[in-house]
Amino acid sequence: MQTLFIGKNLITLDSVDSTNNFAKDMLSNTRPVEGTAIMAKEQYAGRGQMGNAWETESGKNLTCSFILYPEFLEADKQFFLNMAVALAVKDFCEHVLHDEIKIKWPNDIYYHDKKLGGILIENSISGNKISSSVIGIGINVNQTAFDASLLNPVSLSNIRPTASGQYDMQNLMEELCSYLEKYYLQLRQLHFNFLDKGYTEALYRYQQTHEFKKGEQVFRGEINGVTKDGKLIIHSGPKELRFGF
């Protein structure tokens, strides 16, 4: 692993309910070295944002979690951690695909109008600081057929097939660790403006007029960024609207 600390301690599992759950269980019993990574061939109860299930075909996708200790980061700035991780995954996917990737607020990874991956970050707060974070990342890799109930999934193999027909999961994991470390070190140096600018410009449908739905109300608006606490900013006519998760 060509990194300073992220992924140096790598735990590989054949099957687990959720790599985030496994990481949180570790944290409840000990203090693993920062950058500890958990990688599973199969997640049978993976989770996404808002408690949604994350369904993947066994052995076909990259499902992993990382343990970090961003104790330098105040709780009201925790969305900058989201920004750093999302940018890391975006850049990683662009490196693999040689094509543009977007971030669908807050933490989905999109190729055009299709979902390539997702991120679930679970923070523990002590006082006004983040004491520990579990960073869950799921990326569709070698799976090419998906359940019809899923809205718009896509995989690396769908987009850019390899000559061998399969991406090497270990190589992908090493590359992902490198990108994650790069952006985490930017966060450590408190480069908030750098992260905010990169995240904003990478937003899916940034500064494009589209229809949105709030309850039963449909309105037209334009995404213009996020607040420092992670609320999505949409301009609709003269109004500036802000939305939480």
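Values for this structure:
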| quantity | calculated |
| --- | --- |
| Residue list for region 1-42, restricted to those being within 19 Å of residue 170 (Cα to Cα) and open to solvent by 80 Å² or more (accessible area, probe 1.4 Å) | 2, 4, 8, 12, 14, 41 |
| Selected residue (criterion: surrounded by the fewest Cβ atoms within 10 Å (Cβ to Cβ)) from residues of region 81-121 that are farther than 18 Å from residue 19 by Cα and of a type in the set (Val, Ile, Thr) | 96 |
| Filtered residues of region 127-158 (kept if of a type outside the set (D, E, K, R), open to solvent by 30 Å² or more (accessible area, probe 1.4 Å) and out of contact with any strand residue (DSSP E or B) (no Cβ under 6 Å at 6 or more places or on another chain)) | 127, 144, 145, 148, 149, 150, 151, 158 |
| Evaluation of residue 110 against (1) in a loop (DSSP other than H, G, I, E, B); (2) over 10 Å from the mean Cα position of the chain (by Cα) (one fails), failing number | (1) |
| Some residue of region 88-97 being under 17 Å from residue 129 (Cβ atoms) and either polar (S, T, N, Q) or within 12 Å of the chain's Cα centre (by Cα) (or both) | no |
| Failed criterion for residue 149 (all others in (1) more than 22 Å from residue 106 (Cβ to Cβ); (2) in contact (Cβ under 8 Å) with a residue 12 or more places away in the chain; (3) not β-branched (Val, Ile, Thr) hold) | (2) |
| Test: residue in region 186-194 that is open to solvent by less than 30 Å² (accessible area, probe 1.4 Å) and out of contact with any helix residue (DSSP H, G or I) (no Cβ under 9 Å at 6 or more places or on another chain) | no |
| Hits in region 1-30 (condition: among the hydrophobic types (A, V, I, L, M, F, W, C) and modelled with pLDDT under 95) | 1 |
| Filter pass, residue 84 being hydrophobic (A, V, I, L, M, F, W, C), at pLDDT 95 or above, farther than 24 Å from residue 156 by Cα and not in a strand (DSSP E or B) | no |
| Single residue of region 122-160 satisfying the filter (among the small types (Gly, Ala, Ser) and part of a loop (DSSP other than H, G, I, E, B)) that is nearest to the chain's Cα centre (by Cα) | 155 |
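The values are calculated or read from the model by the stated rules, or taken from the named source; none is laboratory data. Here the structure is a predicted model, which means the values were calculated and not measured. In this analysis, Cβ positions are derived from the backbone assuming ideal geometry, glycine residues included, and neighbour counts consider all displayed protein chains. For accessibility, only protein heavy atoms count, side chains too; no ligands or nucleic acids. Shrake-Rupley method; radii C 1.70, N 1.55, O 1.52, S 1.80 Å.
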